[in-house]
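S.K.: To start, I am sharing the structure in question, which I have written as structure tokens.
The values are calculated or read from the model by the stated rules, or taken from the named source; none is laboratory data. All values reported here derive from a predicted model rather than from experimental measurement. No Cβ is skipped: glycine too gets one built from the backbone with ideal geometry, and neighbour counts run over all protein chains shown. All accessible areas refer to the heavy atoms of the entire protein, side chains included, with ligands and DNA or RNA removed. Shrake-Rupley method; radii C 1.70, N 1.55, O 1.52, S 1.80 Å.
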Amino acid sequence: MSDSLIAGLDQTQLLGLYHSLVLTRAAEERLEMLQKQGHVTGEIYRSIGQEAGAAGAAFALNRQTDGTGDFLAPTVRAAGALFLFGGELVDFFRQYMGRATGPTEGKEANIHWVDFQKGIIGPVSPLGTMLEVMAGITLSFKVRGESRVGMVFCGDDASSTGAWHEGLNFSAVQRCPLILMVEANQWAFSTATRKNTRVRSFTEKAAGYGIGSESVDGTDVMAVYEAVSRAAKRARAGKGTQMVELRYYRRLGYAQHDPQDYVDPDELAMWVDRDPIDLFERRILEEGWAAESVLHKIRIRAEEECKLVAEQATGEPVPDGREAVKGVYTDTITQHPWTRTDGPYRRDGSELNT
Amino acid sequence: MNQPAPEHLKKTARGEPVTLLEAVSEGLFEEMVRDDSVFLMGEDIGVYGGAFKVTRGFLDYFGGLRVIDTPIAEGGFTGAAAGAAHMGLRPVVEMQFMDFISPAYDVLTNYIATSLYRGAGPMPIVVRGPVGGGNRGGPFHSQNVEMAFFHTPGFKIVYPSTAYDAKGLMKAAIRDDNPVIFEEHKALYRAPTLREVLPDEDYVVPLGKARTVREGSDLTLVTYGAMVHKSIEAAKKLEQEDGVGVEIIDLRTLLPLDEDAIVESLKRTGRVLIVHEDTRTGGIAGEIAIRLNERAFEWLDAPILRVTAIDSPVPYAGSLEDYFLPQVEDIVTAGRYLAAY
Ligand SMILES: Cc1ncc(C[n+]2csc(CCOP(=O)(O)OP(=O)(O)O)c2C)c(N)n1
Ligand SMILES: [Mg+2]
């Protein structure tokens, strides 16, 4: 084992973290280009300014590909965590472009996909639900005596949903090894978080549920890594559900269509100055953990990787429309419209239905 | 509130055509001006004017006591609407996407829909929001929710297909003392072909009354929402290519269901095709068919048929969603089949 430079991480690991940050940014920038070119099926979401929260948190967990590791339920603002858990970059593009080759074969969008071997459980859109689901996943870890934890990302205003409160309380009373990452980016679409909650920090809500919590600067990847490492340690030690609040800012609109004209430009500028990638770069150079030329290479590699896989995904086919009937049930196939088969009275199984 | 109405909400007053979305906005706006017990709640409806901008300008005009930006808590604010309604207010709540009405399902079905029957008084609440597919929104931004509420006695359900109806139905819904689920199809919101000049007067379209979109003697086509427009296209084709005269009935209100309008038309045509964008099993076609069996079986010359979405979640990829949704060609095929029956 090579030497720890900080928080038990050696140079390779620190550069891995750096790569994760720049990869997320490059992937989303590439996605934006694809959208401008008309390749993206639906809406796209950016996590600029929030990359350190995703990367630092996932980096602190036990990531495996054989179904034995920790679990992650990301949000669209935590794509970096998904990549660290082994979510394929090419699948990210395939999902946004509705490609047949993607993990949901065009049926679902963006980061909404599942890979249990890797511990990835993509969310549904209704906010708060994944906290309930992760409570059950981590309950199974507890029941089976496994030393695994489950991490759920939730936007700050997902905390207003009933599902969030019911899920969190269930997890708390069952002492489930669940780590809730509150993405306190200060906005819920156009509504400021301070208009959605009376507390100044979500750790106050954690206290209300009797669980452990920490609030951390979400632009500081090392701080996030260390806070989540502590939370995971507590959860694994049987101390039950933990919350880590990530304090940062949603620097772009809620989604691509949102010009964010309700945001105070000075406030925004302040957060642009606290860019998590710039901050980490500065730290790496100041501490002498690596040279700028090394970082430069990592950035170029991430950009090229994104370009390459985006091109690959763009060239792949969309699903055949008729696939829409498959996968609703495990054992039967939804009927094709009779207007596209042989008519309403056909008794022998039609060709399309098989 | 002495300030003049925002310019973009005075199009009808200026004699300019409005989209379906603008018609909804005008309907809401005029009701709020007319009756100060009407107020709005929903996510991002104030500062932002709503995800689709239906309530743009409302916050400035009516202020924060009547246009309330809520936390993301559909169950919570819909329950609060019930309490406000008890006290004589008339809440109109927006679901950012109707798919997210589900957290409010409990309070809607168990509390609001039963209130009058339990002796707790009427519930003059409108729950409105965007519905429907075709926008590549995937499983959670595309649903039609009518049938989730159709089965619960106590609701009225409205689903307009034109700007005129949208405004008139919105006014009627707000004035109604029963809880109304009001569905607005996203693909119709800004459809340029739906722009029309509305009468510059305080009109309502009564709930529970269907509209005959076009007349025809060979086939009755019952539909609503976005499918009205696909049905019109199909009817034109059937007329031109097959000489089949299609009468289209736009339900406009799904509950109460205007049975009389359908039966009357059926008695003239003898054939009924039901078209809905909602999925097949448990869709409204089943209910209409059995009612026609009960009331007009003797007049039927052919089986009642339906064209609907397939029984699956709404898929994301364009190719899948197009296959999922009923298309003009499906309606033409079904119309041909029935006409020849
Ligand atoms: C139950 C529910 N209601 C409404 C929505 C629509 N919606 C999607 S994201 C969003 C804002 C989310 O804010 P936050 O949780 O703070 O996440 P952020 O976008 O800031 O990352 C809303 C209202 C939803 N997805 N689910
Ligand atoms: Mg937020």
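S.K.: Could you give the accessible area per residue of the range A:1-127, probe 1.4 Å, as a whole number in Å²?
M.R.: Numbers: 4060 Å² over 127 residues.
Accessible area per residue, the range A:1-127: 32 Å².
S.K.: Give me the one-decimal nm value for the distance between modelled label points at residue B:202 and residue A:143, 7 Å along each residue's Cα-to-Cβ direction.
M.R.: 6.1
S.K.: OK, next. Whose amide H sits under 5 Å from the amide H of residue B:70, counting only residues 5 or more places off or on another chain, with H placed in the peptide plane?
M.R.: Sorted by chain and number, the residues that satisfy this are B:42, B:43, B:44, B:45.
S.K.: With angles folded into 0 to 90 degrees, how steeply does helix B:74-86 sit against the dominant principal axis of chain B? Use alpha carbons for both and round to 10.
M.R.: For helix B:74-86, the angle is close to 70 degrees.
S.K.: State in Å² the accessible area per residue of the range B:7-194; use a 1.4 Å probe, count heavy atoms of protein chains only, and round to the nearest integer. Write down the numbers at each step before the final one.
M.R.: Numbers: 6010 Å² over 188 residues.
Here the residues of the range B:7-194 average 32 Å² of exposed surface.
S.K.: In addition: Indicate the residues belonging to the range B:137-184 that lose 50 Å² or more of solvent-accessible heavy-atom surface (probe 1.4 Å) upon moving from the chain alone to the assembly of all protein chains, ignoring ligands and nucleic acids.
M.R.: B:140
S.K.: Specify whether the C-alpha gyration tensor of the range B:1-43 places it in the rounded, prolate or oblate class, a ≥ b ≥ c being the square roots of the eigenvalues: rounded for a/c under 1.5, otherwise prolate if a/b is larger than b/c and oblate if not. Don't skip to the end; give the middle numbers.
M.R.: Numbers: a/c = 2.12, a/b = 1.36, b/c = 1.56.
Judged from the Cα gyration tensor, the range B:1-43 comes out oblate (a/c at least 1.5, b/c at or above a/b).
S.K.: Taking all protein chains as present, what is the carbon and sulfur share of the accessible area of the range B:186-269, in % to the nearest whole number, probe 1.4 Å? Can you show the working numbers first?
M.R.: Values: 1630 of 3580 Å².
Here carbon and sulfur together make up 45 percent of the probe-accessible area.
S.K.: From other protein chains only, count the Cβ atoms within 10 Å of every residue's Cβ in A:317-324, then give the mean.
M.R.: Details: counts 1, 4, 7, 4, 9, 4, 5, 14.
Counting Cβ atoms of other protein chains within 10 Å of each residue's Cβ and averaging gives 6.
S.K.: In the range B:129-234, which chymotrypsin sites (Phe, Trp or Tyr not before Pro) are in a loop and have at most 15 other Cβ atoms within 10 Å, using DSSP for the loop call?
M.R.: Numbers: sites: B:140, B:149, B:150, B:155, B:164, B:182, B:189, B:203, B:224; in loops: B:140, B:155, B:203, B:224.
Here the chymotrypsin sites (Phe, Trp or Tyr not before Pro) that fit, given the DSSP loop and packing criteria, are B:203.
S.K.: Which links in B:11/B:53; B:186/B:236; A:107/B:156; A:36/B:230; A:36/B:186 stretch past 26 Å when you go from one Cα to the other?
M.R.: Violating the 26 Å Cα-Cα cut-off are A:107/B:156; A:36/B:230.
S.K.: Separate question: Gap in Å between the Cα centre of the range A:205-265 and the Cα centre of the range B:281-303?
M.R.: 56
S.K.: Now for a different question. Could you give the angle, 0 to 90 degrees to the nearest 10, between helix B:163-175's Cα long axis and the longest principal axis of the Cα atoms of chain B?
M.R.: 50
S.K.: Let me ask another. Between rounded, prolate and oblate, where does the range B:211-339 land on the alpha carbon gyration tensor, with a ≥ b ≥ c its root eigenvalues, rounded for a/c under 1.5, else prolate if a/b exceeds b/c?
M.R.: Numbers: a/c = 1.82, a/b = 1.29, b/c = 1.41.
Because a/c hits 1.5 or more and a/b fails to exceed b/c, the range B:211-339 counts as oblate.
S.K.: Report, to the nearest whole %, how much of the accessible area of the range A:23-156 belongs to carbon and sulfur atoms, 1.4 Å probe, protein only.
M.R.: With neighbouring chains kept in place, the figure for the range A:23-156 is 50 percent.
S.K.: Computed FRET efficiency, Cβ-Cβ of residue A:282 and residue A:257, R0 45 Å: what is it to the nearest 0.05? All intermediate terms of the calculation are to be shown ahead of the outcome.
M.R.: Values: r = 33 Å, r/R0 = 0.74.
According to the calculation, E is roughly 0.85.
S.K.: With each label point set 7 Å from Cα along the Cα-Cβ vector, what nm distance links residue B:236 and residue A:316?
M.R.: Going from the residue B:236 label point to the residue A:316 one covers 4.0 nm.
S.K.: In Å², what does the accessible area per residue of the range B:211-339 work out to with a 1.4 Å probe? All intermediate terms of the calculation are to be shown ahead of the outcome.
M.R.: On the way: 4560 Å² over 129 residues.
Counting only protein heavy atoms, the per-residue value for the range B:211-339 is 35 Å².
S.K.: Mind listing which GluC sites (Glu not before Pro) in the range B:133-240 are in a DSSP loop and have 12 or fewer other Cβ atoms within 10 Å?
M.R.: Working: sites: B:146, B:183, B:184, B:196, B:201, B:215, B:233, B:239; in loops: B:201, B:215.
Filter output for the range B:133-240: B:201, B:215.
S.K.: Once you average over the residues of B:320-331, how many Cβ atoms of partner chains fall within 10 Å of each Cβ?
M.R.: Numbers: counts 14, 6, 2, 10, 6, 2, 2, 3, 0, 2, 4, 1.
For peptide B:320-331, the averaged partner shielding equals 4.
S.K.: I've got another one for you. If R₀ is 22 angstrom, what is the calculated FRET efficiency for the pair residue A:230 and residue A:2, using the beta carbon separation as r and rounding to 0.05?
M.R.: Numbers: r = 23 Å, r/R0 = 1.06.
My answer for the efficiency is 0.40.
S.K.: Further question: Compute the separation of the alpha-carbon centres of the range B:41-70 and the range B:243-277 and state it in Å as a whole number.
M.R.: With the range B:41-70 and the range B:243-277 each reduced to a Cα centre, they are spaced 37 Å.
S.K.: Any idea what % of Cα-Cα pairs in the range B:7-194 are farther than 27 Å? Mind showing how you got there, number by number?
M.R.: Values: 3556 of 17578 pairs.
Percentage above 27 Å: 20.
S.K.: If amide H atoms are built 1.01 Å from N in the plane of the peptide, which residues on other chains or at least 5 residues away come under 5 Å of the amide H of residue B:254?
M.R.: B:157, B:158, B:159
S.K.: Ok, one more. Check each residue of the range B:64-88 and keep those whose accessible area, probe 1.4 Å, is at least 30 Å² smaller with all protein chains in place than in the chain alone; give them in order of residue number.
M.R.: Buried by 30 Å² or more upon assembly, which counts only protein chains, are B:69, B:71, B:72.
S.K.: Provide the net charge surrounding residue A:65, with neighbours chosen by a C-beta distance below 13 Å and charges set as Lys +1, Arg +1, Asp -1, Glu -1. Kindly include the intermediate steps, with their values, before the conclusion.
M.R.: Working: positive: A:63, A:118; negative: A:66, A:70, A:88, A:115.
Combined, the nearby Lys, Arg, Asp and Glu give -2.
S.K.: May I ask for the accessible area buried between chains B and A, both sides summed, probe 1.4 Å, to the nearest 100 Å²? Walk me through the intermediate numbers first.
M.R.: Numbers: alone 14000 and 16710 Å², together 27260 Å².
Heavy-atom accessible area buried at this interface is about 3400 Å².
S.K.: List, by residue number, every residue in the range A:92-115 with a reduction of 10 Å² or greater in accessible area between the chain on its own and the complete protein assembly, 1.4 Å probe.
M.R.: Flagged in the range A:92-115: A:98, A:106, A:107, A:108, A:109.
S.K.: I'd like the orientation of helix B:259-269 relative to chain B: the angle between its Cα long axis and the longest Cα principal axis, in ° from 0 to 90, rounded to 10.
M.R.: Helix B:259-269 sits roughly 20 degrees off the main axis of chain B.
S.K.: How far apart, in nm, are two points set 7 Å out from the Cα along the Cα-to-Cβ line at residue B:34 and at residue B:120?
M.R.: According to this spin-label approximation, the distance is 2.8 nm.
S.K.: Residue B:164: net charge of surrounding residues, Cβ under 15 Å, Lys/Arg +1, Asp/Glu -1, itself excluded? Intermediate results must be reported in sequence, preceding the final value.
M.R.: Values: positive: B:11, B:167, B:171, B:195, B:209, B:211, B:252; negative: B:16, B:22, B:26, B:30, B:165, B:184, B:196, B:200, B:201, B:202, B:250.
Around residue B:164, the charge tally is -4.
S.K.: Mean separation of Cα pairs under 8 Å and 6+ residues apart, divided by the residue count of chain B: what relative contact order is that in percent? Please report the intermediate quantities before stating the final value.
M.R.: Numbers: 725 pairs, mean separation 54.3, N = 341.
Worked out over chain B, it gives 16 percent.
S.K.: Need one word for the range A:11-327: rounded, prolate or oblate. Basis is the Cα gyration tensor (sqrt eigenvalues a ≥ b ≥ c); a/c below 1.5 gives rounded, then a/b vs b/c decides. Display every interim value, and only then the final one.
M.R.: Details: a/c = 1.31, a/b = 1.14, b/c = 1.15.
Since a/c stays below 1.5, the shape of the range A:11-327 is classed as rounded.
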